[in-house]
Amino acid sequence: MNNDLIRLSAAELGAAIRAGQTSAVEATRAYLDRIAAVDGDVNAFLHVDDEVALEQARAVDARIAAGEETGPLAGVPVAHKDVFTTKDMPTTAASKILEGWRPPYDATVTERLRDAGLVILGKTNMDEFAMGSSTENSAYGPTRNPWDLDRIPGGSSGGSSAAVAAFEAPLATGTDTGGSIRQPAAVCGLVGAKPTYGGSSRYGLIAFASSLDTPGPFARNVLDAALLHEAFSGHDPRDSTSIDAPVPPVVEAARRADVAGLRIGIVREFSGEGYQAGVLQRFNEAVELLESMGAKVVEVSCPSFTTALPAYYLIAPSECSSNLARFDAMRYGLRVGDDGTRSAEEVMSLTRAEGFGPEVKRRIILGTYALSSGYYDAYYGSAQQVRTLIKRDFDAAFEHVDVLVSPTTPTTAFPLGERTDDPMAMYLADLCTIPTNLAGNAALSVPCGLAPEDGLPVGLQIMAPALADDRTYRVGAAVEAALRDAWGGELLAKNAYAV
Amino acid sequence: MAYDDALAKYEPVLGLETHVELGTRSKMFCSCATTFGAEPNTQVCPVCLALPGSLPVVNGTALESAIRLGLALNCSIASWCRFARKNYFYPDMPKNYQISQYDEPLCFDGHLDVVVDTPEGPREFRVEIERVHMEEDTGKTAHLGGATGRIHGAEYSIVDYNRAGIPLLEIVTKPIEHTGELAPLVARAYVTELRDLVRALGISDVRMEEGSLRCDVNVSLMPRGATEWGTRSETKNVNSLRSVERAVRYEIQRHAAVLDSGGRVVQETRHFQENTGGTVAGRSKEEAQDYRYFPDPDLVPVAPSAEWVEELRAGLPELPAAQRRRIKAEWNLSDEELRDLVNADAIGLVAATVDAGAPPAEARKWWLNELSRRATESEVELAALSITPAQVARVVELVAEGSLTNKLARQVIDGVLAGEGGPDEVVEARGLKVVNDDSALGAAVDQAIADNPDVAEKVRGGKIAAAGALVGAVMKATRGQADAGRARALILERLGVQG
């Protein structure tokens, strides 16, 4: 196993491949070996096919050898969330209803990874249809947190966060609907970004909640995250909600890494009851650090943020109840009870009863109810009004500050099984991340230390206005640089699965 | 109940919902082709099959067509409106929701004036238009293995998704009142006028037999003099002009019978039966679906600019009502002559034939007599005959220049309708040109004189009337293609007699 290659950052690995010091095939082999060695413990991947990965790597090496202009990540392996369609690998969204489904088309994000020369190692585990905050809702068993195998890796993109934290991949993709990138990044000690809604394409992303779903990157450091962000983002005519604007200069911002003169707002509503002491402690230290680096820190109030969670749990289930209607056994996926005696409706019903897990059913039922005639105004309608209020709170705050900061999650990684019977407790994991999704803004989570009481990673969330993603990278990189000096290296090096 | 008795007691209120399939080259939300009659499931893609992850993108031509129809119907055009999802499960609907418009239609508050013939002369009615909105068609299900072809008793069903996603416009009238016994005729006149409008705009060729214009007919009755409307029924599947008239007539009689016997009309969906001209009950209100409409989060709002709308308004072609007024004046037609043209659905065809160079009287004659007869024989609409106005104009021209007799011209039309090509090709292939070339005709004349020496002698002797027999022989020898007048002149000349 080639730990030297694995230890390199994605940027360094890309540079080494470009310089001919190593190759995409060698890098891919190193990571495939690593997956073979540790994924039995972690269960980050739902699907890995060595030959398919190596074939991509060989093709990239050939492109580089032919002198093709390839980007900074050409030849670098990536773990791909199983919610994106891939022509050469099954795509299941961690649901039984799509077991073994092979899409005939690539998602735009997939296509852009390939164009940039990234090598897709495999598909990562997740909460079924991205519904959850722990990856325990996967139909294929939970993923474990490399920092403590008895704890959750976050969710829904928990396979992606665990894969990067366990050095099974230098980079991973995720999707963030209510915090599904930032929360797993925070609890695994990684960098994770939720781009501006519409900044990265949803085409080929199996929808959970269309107005919230946003593809984004996971990486061990801010610059790598920025490079991946840049590689797959940008306008896509196949997604009507995609923004026709240049990708914000995130790589440049990650390299700049200074906060002098920047105005930073602390969201008053994100502290107090329900927040773990060690989380608040590391958060406060990070704020002091920013101030010491020349940022001007002020407290701001966003009163509507306290109603974000209930609004989210009306909007997201409503959209999902409609988005998931297509899983009906008629054209693809699981089909149950088609024995020649049953009607199409009966087969649909049996298939959905068996193919969907309990959390997915809970949300479909919730959303179906919220959209019902007579209830629409009270539920879906008022949730949309709350959404408008949250946008206004952000707008008002951003008149006075350049970015807002908060803890990414109220607590560090909780033990597996702790919240599976208590949906409300589970939902609270996304308390701080949801407002950004409802407003469509940009946000990023960067590690800011280990909580003293449990030694688990804490994330700092940086929120910026729509299309100002670069600000989150700029602040994140500054925090990262300062803390790296204090820690004597990456925080991630302290985890049990570090190499 | 007899129709006249029903109308003596009750006043009908009508409402019409018409679906028009647009003639765009690609579907409403993807780039699949829309050719009618293609091999099943060959005009499909991830989007119109609703594969996981696929997303819709609005067809700009369909949007333009919708606005143009709205303008032609004197509607206001929304400056901002959204698509909505109409949620219900059915195997021919890939997403299990239909993308439609709900409370924010693209076009609203218009009207269409229609003319109905009465014994007292033409009478005009203004039909108010509630809305015109865009939506997508569903797939087509066939139920096989049963005796009836219906779902009940079938062994299995198959679905063709070629039609899924074809753009549709739905045109909804406001309640049409005060039509009295003319209600069925007003309904028919409205659908006819709408069809002609759609054709004139060139947004659909409206082949009703292919289902590209479908009507739902709402009827309610109230006692004469009452002001409160009765309960309505909605009759679906009304797919021809004649059926629209019959459906209204049937429902008026059915409602009247129910009311007269002291019963209550049930609000329900009914199905029109082409064979009987009656309707049968379908879904009742009690089982009616809750469609859980909500704005489709996959699509951005439609916001046509005022400039664009004005540009489209300025580019509208001459509409049927204006065309009728112009043609009546230009061709100097009586009310009756115009009515005949309108009733025969020939006005556009005749106008196009005139535009192609035929004199109006000739064009009218061919379309109203010969071609109308052919259409009736083949049980198709006049416009569905496989002959174009330009071809009819050419036939007229050939007759006018003496190349064809009327009898030969009918044979040319036979050939064109049989798919043998254009008029000139048919003339060539069938050898139908009038024989007026003197040398060819001369040979036939000489032969006739030689074959009938007795007759020739009589003519020479001054019995000029006997020449008719020789002309007949010439005509027989030339299979009717000789110009009889010229043949007669030649015979007399050869026999040295002055005609």
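The values are calculated or read from the model by the stated rules, or taken from the named source; none is laboratory data. Note that the structure is predicted; figures quoted are calculated from it, not measured. We place every Cβ from the backbone using ideal geometry, glycine too, and count neighbours over all the protein chains shown. Accessible surface areas use protein heavy atoms only, side chains included; no ligands, DNA or RNA. Shrake-Rupley method; radii C 1.70, N 1.55, O 1.52, S 1.80 Å.
Using the Cβ-Cβ distance between A:ASP338 and A:ASP41 with R0 set to 35 Å, the FRET efficiency from 1/(1 + (r/R0)^6) comes to roughly 0.35. P(r) for the stretch A:148-191, from all Cα pairs and a bin width of 5 Å, is 5, 30, 38, 20, 6, 1 %, short bins first. Convex hull volume per residue, computed on the Cα atoms of the stretch B:438-494, equals 62 Å³. Rolling a 1.4 Å probe across all protein chains gives A:GLU291 an accessible area of roughly 100 Å². Quick one: pull the percentage of alpha-carbon pairs in the stretch B:318-430 with a separation above 23 Å. Roughly 26 percent, rounded to a whole number. In the protein assembly as shown, taking the dipole from charged Cβ atoms about the Cα centre, the farthest positive-side position among B:HIS178, B:GLN447, B:ALA344 is held by B:GLN447.
Other protein chain C-beta atoms within 10 Å of residue C-beta, averaged over A:325-334: 6. With the Cα gyration tensor of the stretch A:55-117 giving a ≥ b ≥ c as the square roots of its eigenvalues, does the rule (a/c under 1.5 for rounded; else a/b larger than b/c for prolate; else oblate) give rounded, prolate or oblate? It comes out prolate by the Cα gyration axes. When both bridge partners sit in chain A, DSSP labels roughly 65% of those beta bridges antiparallel. The stretch B:342-373 and the stretch A:130-209 have Cα centres lying 70 Å from one another.
Modelled spin labels at B:THR141 and B:TYR88, positioned 7 Å past Cα toward Cβ, are 1.1 nm from each other. Once the Cβ-Cβ distance of B:ALA469 and B:SER378 is raised to the sixth power relative to R0 = 35 Å, the FRET efficiency obtained is 0.35. Note on B:GLN498 and B:LEU316: their simple-model spin labels are 6.8 nm apart, each label 7 Å out from Cα toward Cβ. Amide H contacts of A:GLY199 (H built 1.01 Å from N, in plane; Pro and chain starts excluded): A:ILE243 sit under 5 Å, all sequence-distant by 5 or more or on other chains. Take the accessible area of A alone and of B alone, subtract that of the pair with a 1.4 Å probe, and the total buried over both chains is about 2700 Å². Largest accessible area first, the listed residues A:TRP101, B:TRP80 line up as B:TRP80, A:TRP101 when surface is computed with a 1.4 Å probe on the assembled protein chains. One Cα centroid belongs to the stretch A:81-127, the other to the stretch A:248-327; the line between them spans 29 Å. In this Cβ point-charge picture (+1 for Lys and Arg, -1 for Asp and Glu), the protein assembly as shown has a dipole of about 1260 debye about its Cα centre. Projecting the Cα positions of B:ALA322, B:THR141, B:LEU22 onto the charge dipole of chain B (unit charges on Cβ atoms of Lys, Arg, Asp and Glu, taken about the Cα centre) puts B:THR141 furthest along the positive direction.
Computed about the Cα centre, the dipole magnitude for the stretch B:438-494 is approximately 160 debye when only Lys and Arg (+1) and Asp and Glu (-1) carry charge, each at its Cβ. Counting Cβ atoms of other protein chains within 10 Å of each residue's Cβ and taking the mean over peptide B:85-97 gives 5.
Taking 0.36 nm per residue of sequence separation and removing the Cα-Cα distance, the A:ALA19/A:GLN281 pair yields an extension gain of 90.0 nm. Taking the C-alpha atoms only, the angle from helix B:320-330 to the longest principal axis of chain B is near 30 degrees.
Selection among B:ILE67, B:HIS255, B:PRO94 by position relative to the dipole of the protein assembly as shown gives B:HIS255 as farthest towards the positive end (Cβ unit charges, Cα centre). Computed on protein heavy atoms with a 1.4 Å probe, the accessible areas place B:LYS463, A:LYS96, A:LYS194 in the order B:LYS463, A:LYS96, A:LYS194, largest first.
Tally the DSSP beta bridges in the stretch A:42-192 and give the antiparallel ones as a percent, rounded to 5. Close to 40 percent. Compared with the dominant Cα axis of chain B, that is its longest principal axis, helix B:241-260 is turned about 50°. Sorting A:410-417, B:227-234, A:82-89 by average packing, meaning the other beta carbons within 10 Å per residue, from highest down gives A:82-89, A:410-417, B:227-234.
In whole Å, how far is the Cα centre of the stretch A:463-491 from that of the stretch B:83-136? Going from one Cα centre to the other spans 55 Å. Roughly what angle does helix B:438-451 make with the longest principal axis of chain B, taking Cα atoms, 0 to 90 degrees, to the nearest 10? The angle comes out at about 60 degrees. Please state the shape class of the stretch B:374-499: rounded when a/c is under 1.5, otherwise prolate if a/b exceeds b/c and oblate if not, all from the C-alpha gyration tensor. Prolate. The 3J(HN,Hα) values that the Karplus relation (6.51, -1.76, 1.60; θ = phi - 60°) gives for the stretch A:200-207 are, in residue order, 10, 6, 9, 5, x, 8, 5, 5 Hz. Gly and Pro appear as x.
Once the Cβ-Cβ distance between A:ARG268 and A:SER382 is put in as r, and R0 is 25 Å, what FRET efficiency do you end up with, to the nearest 0.05? Calculated value: 0.55.
Think of it this way: in the protein assembly as shown, A:CYS188, A:CYS302, A:CYS320, A:CYS432, A:CYS448, B:CYS30, B:CYS32, B:CYS45, B:CYS48, B:CYS81, B:CYS215 stand alone, with no other Cys Cβ under 4.7 Å.
The mean accessible area for residues of chain A, using a 1.4 Å probe and ignoring ligands and nucleic acids, is 32 Å² per residue. The label-point distance for A:ASP88 and B:ASP451, in a model that sets each label 7 Å from Cα toward Cβ, rounds to 8.3 nm. Residues within the reach of a label modelled at A:ASN3 (point 7 angstrom out along Cα to beta-carbon, backbone nitrogen below 18 Å), restricted to the stretch A:119-151, are A:146-147.
Rounded to whole Å, the principal axis extents of the Cα atoms in chain B read 96, 57, 55, largest first.
Beta bridges per DSSP, both residues in the protein assembly as shown: antiparallel share near 80 percent. Backbone geometry of the stretch A:363-369 corresponds, through the Karplus equation with coefficients 6.51, -1.76 and 1.60 at θ = phi - 60°, to 3J(HN,Hα) couplings of 6, 4, 5, 4, x, 4, 5 Hz, x marking Gly and Pro. In order along the stretch A:449-466, the phi-based Karplus estimate (6.51 cos²θ - 1.76 cosθ + 1.60, θ = phi - 60°) of 3J(HN,Hα) comes to x, 10, 5, x, 6, 10, x, 9, x, 10, x, 9, 9, 10, 10, 9, x, 3 Hz; Gly and Pro are listed as x. Based on the reciprocal of the average 1/r between different C-alpha atoms, the Kirkwood radius for chain A equals 22.2 Å.
Under 5 Å from the amide H of A:VAL297 lie the amide H atoms of A:ILE264, each residue being 5 or more positions distant or on a separate chain, with H modelled from the backbone and absent for Pro and chain starts. Computed over the alpha carbons of the protein assembly as shown, Rg followed by Dmax gives 37.6, 138 Å.
Considering all C-alpha pairs of the stretch A:1-63, those separated by over 20 Å amount to 28%. Charges were assigned to the Cβ only: +1 to each Lys and Arg, -1 to each Asp and Glu. The resulting dipole of chain A about its Cα centre is roughly 460 debye. Neighbouring Cβ atoms from other chains, within 10 Å of the Cβ of residues in B:289-296, number 6 on average.
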